[in-house]
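Participant: Just passing along the structure, written as C-alpha coordinates.
The values are calculated or read from the model by the stated rules, or taken from the named source; none is laboratory data. None of the values given here were measured: they were computed from a predicted structure. Ligands, DNA and RNA are stripped out before the accessible areas are found, and what is left, the full protein with its side chains, is counted by its heavy atoms. Shrake-Rupley method; radii C 1.70, N 1.55, O 1.52, S 1.80 Å.
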Amino acid sequence: MPASAASANLSSNASGRDTHNAPGKVDRVVACLDKSRLSQKVIPYAAAIAQALHAHLTLLQVLEVTAKTGAPADPIEWGIGRREAHDHIDRLASEWGDGTFRIDTIVIEGQPAEQISLWARNQGASLIVVGTHGDSGLAGWSLGSTARSLVEKASGALLLVPSSVPDARAVHYRRLLVPLDGSRQAESILPLATRLAKAEQAKLLLTHVIPVPELTEIGPLEAEDIELREQVVRRNERVARQYLERIRAGIAEQDVSVDIILREGDVRNRLSHLAVDEAADLVVLSAHGRGGRPDVSCGSVAFHLMTHAAAPLLLVLRPSPPEGGVVLNNKTRGGPPGRAAL
(Lines give C-alpha, C1' and ligand atoms only; values in the text may rest on other atoms or scores of the structure.)
Protein backbone atom coordinates (compact mmCIF):
# COMPACT_ATOMS: atom_id res chain seq x y z
CA MET A 1 0.00 0.00 0.00
CA PRO A 2 1.63 3.31 -0.98
CA ALA A 3 2.15 5.84 1.79
CA SER A 4 0.26 8.51 -0.11
CA ALA A 5 -2.79 6.33 -0.72
CA ALA A 6 -4.84 7.73 2.13
CA SER A 7 -4.64 11.21 0.67
CA ALA A 8 -6.86 10.21 -2.25
CA ASN A 9 -10.18 12.00 -2.49
CA LEU A 10 -12.92 10.83 -0.19
CA SER A 11 -14.69 8.73 -2.81
CA SER A 12 -11.96 6.12 -2.36
CA ASN A 13 -10.72 4.46 0.78
CA ALA A 14 -7.41 5.35 2.34
CA SER A 15 -5.57 2.39 0.90
CA GLY A 16 -6.05 3.63 -2.65
CA ARG A 17 -8.32 0.70 -3.60
CA ASP A 18 -11.69 1.44 -5.13
CA THR A 19 -14.47 1.52 -2.59
CA HIS A 20 -17.81 1.27 -4.37
CA ASN A 21 -20.45 3.35 -2.55
CA ALA A 22 -17.79 4.73 -0.19
CA PRO A 23 -19.56 6.80 2.44
CA GLY A 24 -17.33 9.88 2.27
CA LYS A 25 -20.26 12.06 1.20
CA VAL A 26 -23.32 12.52 3.40
CA ASP A 27 -26.02 14.80 1.98
CA ARG A 28 -28.93 13.95 4.26
CA VAL A 29 -29.11 12.73 7.84
CA VAL A 30 -32.34 11.32 9.28
CA ALA A 31 -32.84 11.13 13.05
CA CYS A 32 -35.45 8.55 14.05
CA LEU A 33 -37.69 9.38 16.99
CA ASP A 34 -40.66 7.99 18.82
CA LYS A 35 -42.71 9.50 21.62
CA SER A 36 -40.20 8.54 24.32
CA ARG A 37 -37.75 10.96 25.89
CA LEU A 38 -34.94 8.45 25.39
CA SER A 39 -35.20 8.78 21.62
CA GLN A 40 -34.74 12.56 21.80
CA LYS A 41 -31.13 12.02 22.88
CA VAL A 42 -30.25 11.28 19.26
CA ILE A 43 -31.02 14.84 18.08
CA PRO A 44 -27.80 16.61 19.17
CA TYR A 45 -25.67 13.73 17.83
CA ALA A 46 -27.47 13.82 14.48
CA ALA A 47 -27.32 17.62 14.36
CA ALA A 48 -23.58 17.64 15.08
CA ILE A 49 -22.84 15.35 12.13
CA ALA A 50 -25.27 17.14 9.81
CA GLN A 51 -23.75 20.54 10.60
CA ALA A 52 -20.17 19.27 10.33
CA LEU A 53 -20.82 17.65 6.94
CA HIS A 54 -23.15 20.40 5.66
CA ALA A 55 -25.97 17.87 5.31
CA HIS A 56 -29.73 18.28 5.62
CA LEU A 57 -31.25 16.96 8.84
CA THR A 58 -34.70 15.39 8.98
CA LEU A 59 -36.50 14.31 12.14
CA LEU A 60 -38.62 11.27 11.35
CA GLN A 61 -41.28 9.55 13.41
CA VAL A 62 -43.11 6.36 12.48
CA LEU A 63 -46.68 5.75 13.56
CA GLU A 64 -46.60 2.02 14.07
CA VAL A 65 -49.45 -0.05 12.67
CA THR A 66 -50.34 -3.61 13.56
CA ALA A 67 -48.13 -6.10 11.74
CA LYS A 68 -50.95 -8.47 10.76
CA THR A 69 -53.41 -6.03 9.21
CA GLY A 70 -51.10 -3.18 8.28
CA ALA A 71 -53.63 -0.73 9.74
CA PRO A 72 -54.35 0.90 13.12
CA ALA A 73 -56.90 -0.72 15.40
CA ASP A 74 -59.05 2.41 15.64
CA PRO A 75 -59.17 5.08 12.90
CA ILE A 76 -60.16 7.79 15.40
CA GLU A 77 -57.25 6.99 17.69
CA TRP A 78 -54.99 6.87 14.65
CA GLY A 79 -56.09 10.38 13.63
CA ILE A 80 -55.41 11.70 17.10
CA GLY A 81 -52.02 9.99 17.18
CA ARG A 82 -51.15 11.39 13.76
CA ARG A 83 -51.92 14.94 14.89
CA GLU A 84 -49.97 14.49 18.12
CA ALA A 85 -46.98 13.07 16.23
CA HIS A 86 -46.90 16.06 13.87
CA ASP A 87 -47.12 18.51 16.78
CA HIS A 88 -44.46 16.64 18.74
CA ILE A 89 -41.90 16.41 15.96
CA ASP A 90 -42.51 19.97 14.73
CA ARG A 91 -41.94 21.29 18.25
CA LEU A 92 -38.64 19.41 18.50
CA ALA A 93 -37.51 20.80 15.15
CA SER A 94 -38.29 24.32 16.34
CA GLU A 95 -36.38 23.77 19.59
CA TRP A 96 -33.25 22.39 17.90
CA GLY A 97 -33.19 24.39 14.68
CA ASP A 98 -32.34 28.04 14.21
CA GLY A 99 -32.00 30.61 11.48
CA THR A 100 -28.77 29.08 10.17
CA PHE A 101 -29.68 25.41 10.53
CA ARG A 102 -33.04 24.18 9.25
CA ILE A 103 -34.51 20.88 10.37
CA ASP A 104 -37.20 19.15 8.31
CA THR A 105 -39.80 16.82 9.78
CA ILE A 106 -41.69 13.82 8.44
CA VAL A 107 -44.23 11.42 9.92
CA ILE A 108 -44.79 8.08 8.17
CA GLU A 109 -46.72 4.94 9.04
CA GLY A 110 -46.01 1.24 9.09
CA GLN A 111 -43.47 -1.04 10.70
CA PRO A 112 -40.69 1.27 11.99
CA ALA A 113 -37.51 -0.37 10.68
CA GLU A 114 -39.03 -1.22 7.28
CA GLN A 115 -40.41 2.26 6.70
CA ILE A 116 -37.31 4.06 8.01
CA SER A 117 -34.97 2.10 5.74
CA LEU A 118 -37.27 2.52 2.72
CA TRP A 119 -37.73 6.23 3.32
CA ALA A 120 -33.98 6.75 3.78
CA ARG A 121 -33.23 4.89 0.54
CA ASN A 122 -35.88 6.68 -1.50
CA GLN A 123 -34.97 10.12 -0.16
CA GLY A 124 -31.21 9.65 -0.45
CA ALA A 125 -30.52 9.77 3.29
CA SER A 126 -27.15 8.08 3.61
CA LEU A 127 -26.99 8.28 7.41
CA ILE A 128 -29.69 7.05 9.79
CA VAL A 129 -29.44 8.02 13.46
CA VAL A 130 -31.33 6.01 16.05
CA GLY A 131 -31.20 5.41 19.79
CA THR A 132 -30.32 2.00 21.12
CA HIS A 133 -33.64 2.08 22.99
CA GLY A 134 -36.88 3.94 22.59
CA ASP A 135 -40.48 3.31 23.53
CA SER A 136 -39.73 -0.19 24.80
CA GLY A 137 -37.25 1.06 27.38
CA LEU A 138 -34.12 -0.69 28.58
CA ALA A 139 -35.40 -4.10 29.64
CA GLY A 140 -34.99 -7.35 27.78
CA TRP A 141 -32.45 -6.66 25.01
CA SER A 142 -29.10 -4.94 24.64
CA LEU A 143 -30.63 -3.16 21.64
CA GLY A 144 -34.19 -2.05 21.14
CA SER A 145 -36.28 -3.71 18.46
CA THR A 146 -36.06 -0.84 15.95
CA ALA A 147 -32.27 -0.53 16.28
CA ARG A 148 -31.85 -4.30 15.89
CA SER A 149 -34.04 -4.39 12.80
CA LEU A 150 -32.30 -1.41 11.19
CA VAL A 151 -28.97 -3.22 11.44
CA GLU A 152 -30.59 -5.98 9.39
CA LYS A 153 -32.56 -3.86 6.91
CA ALA A 154 -30.82 -0.51 6.43
CA SER A 155 -28.04 0.39 4.02
CA GLY A 156 -25.44 3.13 4.05
CA ALA A 157 -24.44 4.27 7.54
CA LEU A 158 -26.16 3.90 10.89
CA LEU A 159 -25.35 5.95 14.00
CA LEU A 160 -26.41 4.16 17.18
CA VAL A 161 -26.69 6.46 20.20
CA PRO A 162 -26.67 4.60 23.55
CA SER A 163 -29.53 5.39 25.87
CA SER A 164 -26.95 5.87 28.63
CA VAL A 165 -25.45 9.04 27.11
CA PRO A 166 -26.20 12.16 29.16
CA ASP A 167 -28.69 14.73 27.94
CA ALA A 168 -26.83 17.40 25.98
CA ARG A 169 -27.79 20.52 24.12
CA ALA A 170 -24.69 20.44 21.92
CA VAL A 171 -22.34 17.62 20.93
CA HIS A 172 -18.82 17.86 19.54
CA TYR A 173 -16.86 14.96 18.11
CA ARG A 174 -13.26 15.49 19.26
CA ARG A 175 -11.85 11.95 19.44
CA LEU A 176 -12.88 9.31 16.88
CA LEU A 177 -11.87 5.71 17.53
CA VAL A 178 -11.41 3.90 14.20
CA PRO A 179 -10.78 0.12 14.42
CA LEU A 180 -8.97 -1.38 11.43
CA ASP A 181 -7.97 -4.97 10.64
CA GLY A 182 -6.26 -4.51 7.27
CA SER A 183 -9.29 -5.49 5.21
CA ARG A 184 -10.98 -3.51 2.45
CA GLN A 185 -14.26 -3.72 4.36
CA ALA A 186 -12.77 -2.18 7.50
CA GLU A 187 -11.06 0.56 5.49
CA SER A 188 -14.36 1.55 3.87
CA ILE A 189 -15.11 3.78 6.86
CA LEU A 190 -11.99 5.92 6.41
CA PRO A 191 -13.45 8.48 3.96
CA LEU A 192 -16.36 9.28 6.27
CA ALA A 193 -14.22 9.25 9.44
CA THR A 194 -11.60 11.51 7.81
CA ARG A 195 -14.16 13.98 6.51
CA LEU A 196 -15.88 14.19 9.89
CA ALA A 197 -12.58 14.58 11.74
CA LYS A 198 -11.48 17.36 9.44
CA ALA A 199 -14.79 19.21 9.77
CA GLU A 200 -14.79 18.89 13.57
CA GLN A 201 -11.01 19.40 13.98
CA ALA A 202 -11.05 16.07 15.75
CA LYS A 203 -8.34 13.49 16.28
CA LEU A 204 -8.56 10.11 14.57
CA LEU A 205 -7.42 7.18 16.71
CA LEU A 206 -6.50 4.44 14.24
CA THR A 207 -6.67 1.23 16.23
CA HIS A 208 -5.65 -2.36 15.66
CA VAL A 209 -5.95 -5.17 18.19
CA ILE A 210 -3.58 -8.11 17.69
CA PRO A 211 -5.30 -11.37 18.63
CA VAL A 212 -3.25 -13.81 20.71
CA PRO A 213 -2.55 -16.83 18.46
CA GLU A 214 -4.26 -20.01 19.54
CA LEU A 215 -2.21 -23.17 19.70
CA THR A 216 -3.67 -26.63 20.00
CA GLU A 217 -3.11 -27.70 23.60
CA ILE A 218 -3.37 -31.17 25.12
CA GLY A 219 -1.21 -30.24 28.06
CA PRO A 220 1.10 -27.46 29.24
CA LEU A 221 2.83 -25.60 26.41
CA GLU A 222 6.50 -26.35 25.98
CA ALA A 223 9.15 -23.65 25.74
CA GLU A 224 9.33 -23.80 21.95
CA ASP A 225 5.53 -23.49 21.75
CA ILE A 226 5.58 -20.35 23.85
CA GLU A 227 8.44 -18.93 21.77
CA LEU A 228 6.54 -19.70 18.57
CA ARG A 229 3.47 -17.86 19.82
CA GLU A 230 5.58 -14.86 20.87
CA GLN A 231 7.23 -14.80 17.46
CA VAL A 232 3.84 -14.69 15.75
CA VAL A 233 2.70 -11.88 18.04
CA ARG A 234 5.87 -9.87 17.38
CA ARG A 235 5.52 -10.40 13.65
CA ASN A 236 1.87 -9.33 13.68
CA GLU A 237 2.69 -6.27 15.76
CA ARG A 238 5.43 -5.21 13.32
CA VAL A 239 3.20 -5.62 10.27
CA ALA A 240 0.22 -3.93 11.96
CA ARG A 241 2.33 -0.94 12.99
CA GLN A 242 3.65 -0.52 9.45
CA TYR A 243 0.10 -0.76 8.12
CA LEU A 244 -1.27 1.86 10.53
CA GLU A 245 1.67 4.17 9.89
CA ARG A 246 0.98 4.11 6.16
CA ILE A 247 -2.68 4.92 6.75
CA ARG A 248 -1.75 7.62 9.28
CA ALA A 249 0.71 9.29 6.90
CA GLY A 250 -1.85 9.47 4.11
CA ILE A 251 -4.59 10.94 6.31
CA ALA A 252 -2.18 13.41 7.93
CA GLU A 253 -1.56 14.88 4.46
CA GLN A 254 -5.18 16.06 4.60
CA ASP A 255 -4.36 18.19 7.66
CA VAL A 256 -6.08 15.79 10.07
CA SER A 257 -4.59 14.88 13.45
CA VAL A 258 -4.02 11.11 13.70
CA ASP A 259 -2.70 8.79 16.42
CA ILE A 260 -2.24 5.05 16.18
CA ILE A 261 -3.06 2.58 18.94
CA LEU A 262 -1.87 -1.03 19.03
CA ARG A 263 -3.11 -3.47 21.61
CA GLU A 264 -2.98 -7.24 22.11
CA GLY A 265 -5.72 -9.54 23.32
CA ASP A 266 -9.38 -10.26 22.68
CA VAL A 267 -10.43 -7.88 19.90
CA ARG A 268 -13.97 -7.26 21.07
CA ASN A 269 -13.19 -6.60 24.72
CA ARG A 270 -10.12 -4.52 23.95
CA LEU A 271 -12.05 -2.24 21.62
CA SER A 272 -14.97 -1.72 23.99
CA HIS A 273 -12.53 -0.81 26.78
CA LEU A 274 -10.47 1.42 24.49
CA ALA A 275 -13.54 3.51 23.72
CA VAL A 276 -13.69 4.33 27.44
CA ASP A 277 -9.95 4.55 28.12
CA GLU A 278 -9.37 6.89 25.18
CA ALA A 279 -12.45 9.01 25.97
CA ALA A 280 -13.74 8.48 22.43
CA ASP A 281 -16.71 10.65 21.47
CA LEU A 282 -17.51 8.34 18.59
CA VAL A 283 -16.52 4.86 17.39
CA VAL A 284 -16.49 4.53 13.59
CA LEU A 285 -16.28 1.07 12.06
CA SER A 286 -17.51 -1.16 9.27
CA ALA A 287 -20.18 -3.75 9.98
CA HIS A 288 -17.83 -6.34 8.47
CA GLY A 289 -14.10 -6.81 8.61
CA ARG A 290 -11.66 -9.41 7.40
CA GLY A 291 -13.85 -12.32 8.52
CA GLY A 292 -17.07 -10.79 7.17
CA ARG A 293 -19.72 -13.20 5.90
CA PRO A 294 -22.27 -12.07 3.32
CA ASP A 295 -25.07 -14.01 4.99
CA VAL A 296 -25.01 -11.98 8.23
CA SER A 297 -25.74 -8.28 8.70
CA CYS A 298 -22.65 -7.60 10.82
CA GLY A 299 -19.61 -9.33 12.20
CA SER A 300 -19.01 -10.39 15.78
CA VAL A 301 -16.83 -7.37 16.60
CA ALA A 302 -19.41 -4.88 15.34
CA PHE A 303 -22.21 -6.71 17.16
CA HIS A 304 -20.25 -6.70 20.42
CA LEU A 305 -19.61 -2.98 20.18
CA MET A 306 -23.25 -2.31 19.35
CA THR A 307 -24.28 -3.91 22.61
CA HIS A 308 -21.35 -2.92 24.86
CA ALA A 309 -19.81 0.37 23.74
CA ALA A 310 -20.59 3.36 25.95
CA ALA A 311 -19.86 5.81 23.13
CA PRO A 312 -22.05 6.39 20.07
CA LEU A 313 -21.25 3.96 17.26
CA LEU A 314 -21.17 4.99 13.60
CA LEU A 315 -21.58 1.76 11.68
CA VAL A 316 -21.12 1.52 7.91
CA LEU A 317 -23.50 -1.14 6.61
CA ARG A 318 -23.94 -2.80 3.23
CA PRO A 319 -24.40 -0.76 0.02
CA SER A 320 -27.91 0.27 -0.93
CA PRO A 321 -30.00 -2.56 -2.45
CA PRO A 322 -31.59 -2.23 -5.89
CA GLU A 323 -34.53 0.08 -6.26
CA GLY A 324 -37.97 -1.41 -5.81
CA GLY A 325 -39.19 -0.70 -2.29
CA VAL A 326 -41.98 1.81 -1.85
CA VAL A 327 -42.55 3.91 1.25
CA LEU A 328 -46.09 3.79 2.50
CA ASN A 329 -47.81 7.19 2.88
CA ASN A 330 -44.67 9.22 3.36
CA LYS A 331 -46.82 11.99 4.80
CA THR A 332 -49.75 11.23 7.01
CA ARG A 333 -52.43 13.37 5.42
CA GLY A 334 -55.13 10.86 4.46
CA GLY A 335 -56.96 8.01 6.06
CA PRO A 336 -55.53 5.06 7.98
CA PRO A 337 -52.63 3.36 6.19
CA GLY A 338 -52.64 0.02 4.51
CA ARG A 339 -49.92 -2.62 4.39
CA ALA A 340 -46.45 -1.51 3.33
CA ALA A 341 -45.44 -2.61 -0.15
CA LEU A 342 -41.98 -4.17 0.05
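Participant: Let me check against my output: what whole-number percent is the relative contact order of segment 172-272, with C-alpha pairs under 8 Å and at least 6 apart?
Facilitator: Value for segment 172-272: 37 percent.
Participant: Exceeding 24 Å between C-alpha atoms, which entries from my cross-link table qualify? They are LYS153/LYS198; LYS25/LYS153; LYS35/LYS203.
Facilitator: As for pairs spanning more than 24 Å Cα to Cα, those are LYS153/LYS198; LYS35/LYS203.
Participant: Residues of segment 131-260: accessible area per residue at 1.4 Å, in Å²? Intermediate values should be presented prior to the final figure.
Facilitator: On the way: 6490 Å² over 130 residues.
Accessible area per residue: 50 Å².
Participant: Moving on. Return the carbon/sulfur percentage of the accessible area of segment 80-225, one whole number, probe 1.4 Å, all protein chains in place.
Facilitator: 48 percent
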